[in-house]
Amino acid sequence: MPTVGPISRLAPKPMRFVLNWGRRYSLWVFNFGLACCAIEFIAASTSRHDFIRFGVIPFANGPRQADLMIVSGTVTDKMAPAVKRLYEQMPDPKYVISFGACSNTGGPYWDSYCVTNGVDQIIPVDVYVPGCPPRPEALLYGITKLQEKIAGERLSDRYVWSRSHESPTAPEPPAGPGGPSQQKPELEA
């Protein structure tokens, strides 16, 4: 690769700063509100808390226009494939905030047969916001933490990580009525 001179070593850092500055202050949010935490997300977008002043545009038209997915509420096993599908439809670089105890760890429903114990079992999460339900100020703090993370990242690291990340597959359902152990044996002719 040809070099322009000794200043060529310094060129990537200022360019990275400009790119990260643009990405950190223009986050389009795709809200995946599943339960009561979604009300707190809506409160954070009102005039009292106003997260638009942080450069966060609250409602993208769909996942293909969004940079940031905020998962707020209990993720059930039935909703898990939809969360994963919508995450995969988002363009790179993409970020996820897990908002609330239910999306972080399953919350008070962690022992239920149909609750996913954290959205991080389905998709990679960048920032966790604790609470049940978390206050809008907690979401604002989580957004600033994500912006700090974006400011220090390299795009090459982000793209390599997102391509190589393999999310775990959903566990097989237990054998029950009509399940694998209950199937009738085939009759021989």
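Where a number appears in this text, it was derived from the coordinates with a stated rule and is not lab data. In this text, all values refer to a predicted model and were calculated from it rather than measured experimentally. Cβ atoms come from the backbone with ideal geometry, glycine included; neighbour counts cover every protein chain shown.
Give a residue-ordered list of calculated ³J(HN,Hα) values for the stretch 53-66 (Karplus: 6.51 cos²θ - 1.76 cosθ + 1.60, θ = phi - 60°; whole Hz; x for Gly, Pro).
5, 8, x, 10, 8, x, 9, 6, 5, x, x, 6, 9, 9
What order, most packed first, do the peptides 45-58, 102-115 have when packing is the mean number of other Cβ atoms within 10 Å of each residue?
Descending packing order for the listed peptides: 102-115, 45-58.
What distance in nm separates the simple spin-label points at Q65 and C36, each placed 7 Å from Cα in the Cβ direction?
About 3.2 nm, to one decimal.
Loop only per DSSP, at most 14 neighbouring Cβ atoms within 10 Å: give me the trypsin sites (Lys or Arg not before Pro) in the stretch 60-117, ordered by residue number.
K78
Under a 5 Å amide H to amide H cut-off, with H placed in plane at 1.01 Å, what residues pair with T76 once short-range neighbours are removed?
T116
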